[in-house]
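Below: one structure, written as structure tokens.
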Amino acid sequence: MYISIVALSFLARLRVWLLAGILLTLYGCETAGYYLQAASGQLRILSARQPIEELLQGGNTSDSLQRQLQRVQQIRAYAAQELKLPVGQAYSSYVQLESKYPIWNVLAAPEFSLSPKRWCYPIAGCASYRGYFRKSAAIAKANSLRKRGYDVYLGPVPAYSTLGWFNDPVLSSFVNWPPERLAGLLFHELAHRRVYVPGDTRFNESFATAVSEIALPDWLRTQGLANSVEESKAQALAVRQLMSAARKELQPIYQSNQPDALKREQKQQVLTRLRRCYWRMAGRWPYPARYQAYIEKTNNATLALAAEYESLVPAFRQLYRDSSGWPDFYNSAERLGKLDKENRKQRLLILAAEYRRENSKSDNAINFDVMACMHSGSF
């Protein structure tokens with residue numbers, strides 16, 4: 001049975017507005033406005049979708065965009081066939097956005113805490129970020145949180161997942177990324193369609209990050225690009241370990257009984273060392289400014305987010321090592337997700353410790369350099 005594109009558009013529009021109507025009846029004024037902007041923003045994107053197959057056959061698409069869309073098709077096929085991810089019709093369409101990014105995220109954490117502020121949503125559960133389709137609304141929220149004493153990070157989001165509720169399109173905000181970044185992003189977002197635990201951002205993002213990192217080297221080999229990822233992988237690991245080192249130094253400061261003024265001074269010293277250490281590392285990289293914007297804005301909010309996205313990646317890497325392939329890995333992750341949160345956390349910490357015991361010498365060498373710099377202020 002075939003359904004016309006007009007009918008599909010109507011069904012998508014109906015689904016968004018029905019959801020928005022339910023939410024508006026459940027929540028107060030400010031939250032109702034938030035969900036209304038989310039529904040209307042999602043609707044704009046869904047309504048602008050163009051099937052990639054039609055764009056490739058139409059002859060009106062630039063050569064560069066055609067090459068990137070063809071690469072997307074290759075990545076989708078690999079994700080479905082080799083990674084056993086539920087690709088379906090996700091990323092089979094394209095949207096040229098009206099602005100540079102689809103969403104702006106607001107992150108927040110108290111001045112002396114590395115625990116992020118959380119917002120709770122129907123279906124998706126609680127998360128440590130608040131997404132806005134309009135930058136002005138994100139700025140207003142960020143300013144409101146700053147006035148309440150929070151450390152705040154406001155940044156653009158080039159891509160996001162609707163967790164299978166809709167067939168997410170390829171967006172102009174990321175379509176022109178280099179092959180390794182494009183594939184890594186799609187693997188990450190598609191992983192959310194396979195395993196997702198409502199209310200556990202750290203589990204979900206670490207799982208998706210692990211899927212992407214594990215899958216990427218083999219995909220690059222199929223494309224003849226295996227060597228291009230090693231350097232960027234080492235750089236990402238160094239930044240990850242640098243953020244982790246900063247968190248370890250800040251935690252006892254925040255937990256101490258010192259006056260706030262002294263805590264504030266020590267906090268700034270740690271963040272200054274973090275930025276100085278980054279530039280000393282990055283000075284040896286071909287593209288030293290790659291993480292510049294993120295590092296320069298680092299505060300409790302970004303340090304907390306980094307922990308959400310990356311702290312449990314070693315646990316999922318070990319879980320993959322212990323599995324007999326991708327389907328078994330996903331099933332094991334799902335079983336973990338069904339545990340109560342405390343038991344799940346303990347099991348993941350055990351897996352992470354096991355992985356670190358088997359860490360490569362190169363990873364340990366990077367960590368040694370990072371720790372030496374953070375303690376002494378120099379490499």
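Just a few scattered comments:
- Between 0 and 90°, nearest 10: helix 5-26 axis offset from the chain longest Cα axis: 50
- For region 52-222, with +1 on Lys and Arg beta carbons and -1 on Asp and Glu, the positive-most of GLY59, ALA215, VAL152 along the dipole: VAL152
- Structural descriptor for the chain: relative contact order 17 percent, calculated from alpha carbon pairs under 8 angstrom and at least 6 residues apart.
- Rounded to 10°, Cα long-axis angle of helix 326-337 versus longest principal axis of the chain: 70
- Charges were assigned to the Cβ only: +1 to each Lys and Arg, -1 to each Asp and Glu. The resulting dipole of region 228-376 about its Cα centre is roughly 300 debye.
- The helix-based estimate of mean residue ellipticity at 222 nm for the chain, built from -39,500 (n - 2.57) per DSSP H run of four or more residues and divided by its residue count, is -21000 deg cm²/dmol to the nearest 500.
- For region 228-376: rounded, prolate or oblate by the Cα gyration tensor [a/c cutoff 1.5]: oblate
- GNM top mover of TRP285, TRP219, TRP104 - the chain, alpha-carbon springs below 10 Å: TRP285
- Rounded to the nearest Hz, the phi-derived 3J(HN,Hα) couplings of region 97-112 under the Karplus curve 6.51 cos²θ - 1.76 cosθ + 1.60 (θ = phi - 60°) are 6, 6, 10, 5, 10, x, 9, 10, 9, 10, 10, 8, 8, x, 4, 10, where x marks glycine and proline.
- Each of ALA236, TYR330, THR298 was scored by the projection of its Cα onto the charge dipole of region 228-376, and the greatest displacement toward the positive side belongs to THR298; charges sit on the C-beta of Lys, Arg, Asp and Glu.
- The distance separating the Cα centre of region 309-332 from that of region 103-166 comes to 28 Å.
- Phi to ³J(HN,Hα) by Karplus 6.51 cos²θ - 1.76 cosθ + 1.60 over region 125-133, Hz, x for Gly, Pro: x, 8, 9, 9, 8, 10, x, 10, 7
- Placed amide H near TYR94: partners under 5 Å, 5+ positions off or other chain: GLN50, ILE52, VAL170
- Theoretical FRET efficiency, 1/(1+(r/R0)^6), r = Cβ-Cβ of ARG264 and ALA226, R0 56 Å, to 0.05: 0.75
- Dipole magnitude of the chain about its Cα centre (Cβ charges: Lys, Arg +1; Asp, Glu -1), debye to nearest 20: 820
- Placing a label point 7 Å from the Cα of LEU65 along the Cα-to-Cβ direction, the residues of region 72-111 whose backbone N falls under 14 Å from that point are 93-99.
- With contacts taken as Cα pairs under 8 Å and at least 6 residues apart, region 228-376 reaches a relative contact order of 35 percent.
- The angle separating the long axis of helix 29-47 from the principal Cα axis of greatest extent in the chain is about 50 degrees.
- Taken about its Cα centre, region 52-222 carries a charge dipole of roughly 660 debye when the Cβ of each Lys and Arg holds +1 and the Cβ of each Asp and Glu holds -1.
- Neighbour-count order for LYS233, LYS100, fewest beta carbons within 10 angstrom listed first: LYS100, LYS233
- Alpha-carbon centroid distance for the pair region 194-208 / region 268-304, whole angstrom: 26
- Qualifying lysines (Cα of each under 30 Å from Cα of LYS100; at least 8 residues distant if same chain): LYS117, LYS135, LYS141, LYS147, LYS233, LYS297
- Cα-based shape type of region 155-291, given that a ≥ b ≥ c are square roots of the gyration tensor eigenvalues and the cut on a/c is 1.5: oblate
- Here LYS267, LYS338 are placed in order of increasing Cβ neighbour count within 10 Å, fewest first, which gives LYS338, LYS267.
- Candidates ARG221, ARG49, ARG181, ranked by Gaussian network fluctuation over the chain, Cα under 10 Å, top entry: ARG221
Values in this text are rule-based calculations from the coordinates and carry no lab data. It should be emphasised that the depicted structure is a prediction, and the values quoted were computed from it without experimental measurement. Cβ atoms come from the backbone with ideal geometry, glycine included; neighbour counts cover every protein chain shown.
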